[in-house]
1. Collect residues whose amide H, placed 1.01 Å from N in the peptide plane, falls under 5 Å from the amide H of Ala169; neighbours closer than 5 in sequence don't count.
2. Expressed in nm to one decimal, what extension gain is obtained for the pair Ile195 and Leu801 from 0.36 nm per residue of sequence separation less their Cα-Cα distance?
3. State, to one decimal in nm, how far the label point of Glu294 lies from the label point of Val422, with both points 7 Å from Cα in the Cβ direction.
4. Determine which lysines satisfy two conditions relative to Lys190: a Cα distance under 18 Å, and not lying fewer than 8 residues away in the same chain.
5. What order do you get for 847-855, 144-152 when each peptide is scored by the mean count of other beta carbon atoms within 10 Å, highest first?
6. Tell me which residues come under 5 Å, amide H to amide H, from Gln155 once H is placed; ignore anything under 5 positions away on its chain.
7. Run the simple label-point estimate for Lys224 and Thr331 please: 7 Å along Cα→C-beta, distance reported in nm.
8. Rounded to the nearest 20 debye, what is the charge dipole size of the stretch 148-258 about its Cα centre when +1 sits on each Lys and Arg Cβ and -1 on each Asp and Glu Cβ?
Amino acid sequence: MTRPAQLIALLAIALFAFGSSASAQGANPPASPEAAEDAGVEPAEPPPAEPGTEPTEPGTEAAEPGTEAAEPAPETDLEPAAEAPTVLVPKTLCEGRTIRAIDVSGNGRVSADDVRASMKLKVGVPCRDSEVARDARALWDLGYFDDLIFRATAQGNDLTLYVIVRERAAIGKVTFEGDEAIEEEDIDEKVTLEIGAILSENEVRGQMTKIRDLYAEEGYFLAKVSYRLIAMPNNQVEVRYDIVEGPEVSVRRIQFIGNDHIPDDDILEFMRTRPTGFFSFLSSNDTFKREFFEEDVLRLQALYYDRGYLNVQVSPPRVELTPDRHQIDITVPIREGPRFRIGRLRVIEMNDEGSEIEPLGGRRVVREKINAQPGEWFSRTKLTEGIEAITRHYRDASFAKAVIEPETELDADRRIVNITVVIHRGPSVHIERIEIQGNEKTRDRVIRRELLIVEGDKYSQSELENSKARITALGYFESVSMSEADGKESDGLVITFDVKERATGTFQVGAGFSSIEQFILTAQVDQQNLFGHGQSLSLQAQVSGIRQLIQVQFVEPYFMSTMWSLSLDATRTSNAYQTFTQKSTGGGLAFGHPLFNRNLRLALRYGADIVEIAPTTGSFLNVDAPGRNIQSQTVLANQQLGGFTSSLRLSLTWDSRDNRLFPTKGIYTSVSTEAADPYIGSERTFSRQRYFGRFYYPLFGGMVLRLNTEGGLITSRKARGVPQYERFYLGGILSLRGFDLQSVGPQVGVPATLDPNGGQRRFFLGGNVMLRSNLELEIPILPAVGIKGVIFTDAGNTWNLERVNCQLPSASPGDPARDPCGFDPLALRTSWGFGVRWFSPMGPLRFEWGFPFDRRPGEDKVNFQFTIGQFF
């Protein structure tokens with residue numbers, strides 16, 4: 001039996017149970033059981049209760065409780081009908097008695113006063129059966145209760161009415177299980193259940209559709225959502241949504257209908273969403289995401305506008321699952337409409353009175369900034385770029401509030417569009433104030449000295465944008481934003497730079513292995529923003545099987561608050577070569593100053609080193625590095641050239657990188673010449689020229705293409721040539737990947753022992769000429785945790801142009817890439833490989849596998865190395 005039917009039945013039962021048994025004799029019923037006894041009449045026995053309900057007691061009335069699944073009966077007039085001569089009309093105990101009190105029980109969150117306020121029955125008024133039914137319905141409609149019982153007791157003509165309720169549970173918590181692909185915060189934004197609200201399972205079920213729709217927008221069309229209600233204390237429940245995400249659904253095909261003049265491939269080039277292809281695993285652009293596709297529809301419209309189709313209409317796309325439910329097909333209906341040419345194109349400036357005036361710089365100057373002519377197909381891109389150029393032209397001349405608006409007039413019959421670009425110049429403004437926000441550690445002056453515009457200057461958009469780029473390039477901040485606001489003066493603007501600082505100090509520890517060095521241990525403490533003053537201080541230490549390094553370097557980019565830079569460094573190194581050990585102690589002092597442009601800097605460095613040369617009988621820590629412990633009477637002509645080295649180096653550097661610590665675009669290139677000569681107190685004599693260029697180019701999807709090129713030449717006018725330890729060496733994770741450390745370049749064969757029959761070993765001479773390049777593609781894998789992949793190819797070699805040591809036999813006769821003497825720029829060693837990089841809290845970790853092309857005897861097929869630190 002349904003709830004409404006049960007309610008009516010119980011009311012009817014109550015009517016009969018408590019109606020007058022004496023009405024047949026024309027007498028009124030006793031007012032109470034006591035009255036009945038006094039009259040000698042037994043009280044009427046209550047009828048049996050409906051299944052699932054409480055039996056009524058004598059002298060009480062029960063109204064059927066409501067439930068969540070069904071609505072109570074509509075209001076029913078239970079007043080007795082006009083009596084017929086042969087029909088008895090029953091009445092309840094309530095009917096006609098005056099309500100003395102209304103008692104509410106079982107309530108918790110809902111107060112008794114609120115329950116009484118929802119009823120029309122009041123204390124002091126007569127009770128009516130129909131009003132009991134009406135109030136039961138009203139209380140049920142509140143939605144707060146799972147159960148309602150009305151009871152009453154009478155004393156004479158007075159009545160006490162009892163309202164017994166059982167409240168519905170409240171929502172105490174909303175949780176999600178299985179949500180891995182989508183952030184819980186994003187799901188929570190879609191779900192509208194409120195903590196503390198009365199539980200409604202209909203509403204709980206309604207949220208499941210919202211969650212599924214959210215997953216569909218992210219490409220998870222097969223996601224399944226269910227829910228559970230888990231009891232909590234204090235009559236609360238936890239609503240838990242269980243999510244089975246399923247696989248992402250990829251796009252199998254994108255079909256365009258109605259694109260008669262623009263091919264599908266041209267449209268797809270402008271879209272982020274693409275059908276599944278060979279390289280989809282790199283960019284994930286074949287995964288359907290609704291927000292991306294909505295953006296693609298706008299791009300499609302922009303493409304048509306750009307080609308003159310000004311009336312194009314793109315209908316909502318149809319998305320259909322393939323039969324295997326693993327992919328989707330997307331159909332995009334297009335109505336192209338006619339194509340328009342430019343009819344008349346004018347650029348005018350209007351004053352405040354609405355009169356036309358001469359534009360800034362003249363009509364010709366302003367008009368030429370729009371690269372479009374009458375008769376050409378209309379292009380929104382050209383028009384937009386022209387308006388941006390005009391806007392910059394005015395804003396760079398201090399008219400920061402200039403408004404440039406295009407007005408178009410379509411002639412559908414002639415299929416032309418007339419364009420008038422209207423300029424409203426506005427007042428000339430100046431920089432009233434520059435504010436810096438968000439810098440908790442970095443001093444204001446460190447940021448302000450990068451600005452190309454100062455307070456009081458005329459406004460210039462380009463100077464402000466370049467200033468923002470210079471602040472970003474410091475590498476101290478995760479983000480830099482710039483905003484403008486009106487100042488107190490009518491012609492003043494307040495410029496605010498808002499920065500978000502990043503950690504600029506690093507502690508790096510690395511370890512690696514190679515067939516030459518056996519092991520490599522590195523440690524580096526680096527602070528790029530020392531005490532917030534913009535200075536850098538670094539301490540580096542390295543220990544391996546063949547070398548040791550300790551270096552301290554300090555850089556002040558604005559020495560004494562001037563444009564001069566100052567750097568100091570001190571170094572202690574030990575390098576174990578195959579037949580000798582070189583130890584040096586020294587340092588340097590350098591000054592630099594920008595030339596013409598802050599990106600271009602000229603620097604002069606003086607360096608002094610004391611070099612000691614000694615025989616070696618093994619590598620450091622008694623580790624026998626292969627090919628190192630050579631006992632031979634062979635002494636290279638230039639290996640024992642120790643002593644004091646005094647040198648001067650002049651360098652010219654261009655730096656336009658967007659970030660000095662983690663660049664993604666820009667150029668960093670340098671050329672230098674260095675001389676060590678007795679004229680400046682040096683015991684060693686050589687001249688070194690060097691070039692390197694690093695280029696960074698951002699691609700789609702966060703990928704960055706990086707190219708490093710480097711070349712060097714070192715010569716000596718002395719007969720013994722360039723000291724061995726000053727020559728160029730290539731090979732290893734820091735130069736040419738895929739090869740062992742310092743193993744690329746000229747090689748000679750030397751006796752392995754003093755015994756003439758003891759065989760030969762390879763000796764790596766290094767070169768006085770060096771060329772190398774490193775090309776790599778850096779690919780985000782898990783951007784949130786700083787994990788990236790890299791694919792690379794390296795090329796390079798060193799050659800020996802000096803005639804020194806040419807008498808020694810070649811270790812690889814006929815191999816121009818290893819020839820002890822000679823120069824063949826085509827004899828390059830090349831490799832390719834891949835790696836993983838993790839920008840961890842300790843610093844950038846590099847794990848790379850290199851594969852040499854045209855592998856030589858003794859070289860491994862795969863060369864794996866790892867270290868800590870940026871490559872370039």
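1. Those qualifying (amide H under 5 Å, at least 5 residues apart or on another chain) are Leu199.
2. 210.1 nm
3. 3.3
4. Correct list for Lys190: Lys173, Lys210, Lys224, Lys289.
5. The packing order, highest mean first, is 144-152, 847-855.
6. Excluding prolines and chain starts, which carry no amide H, the hits are Thr160.
7. If labels sit at Lys224 and Thr331, their model points lie 3.0 nm apart.
8. 700
Each value in this text was obtained by applying a stated rule to the coordinates, not by laboratory testing. Here the structure is a predicted model, which means the values were calculated and not measured. Methodologically, a virtual Cβ is constructed for each residue, glycine included, from the backbone with ideal geometry; neighbour enumeration extends over all protein chains shown.
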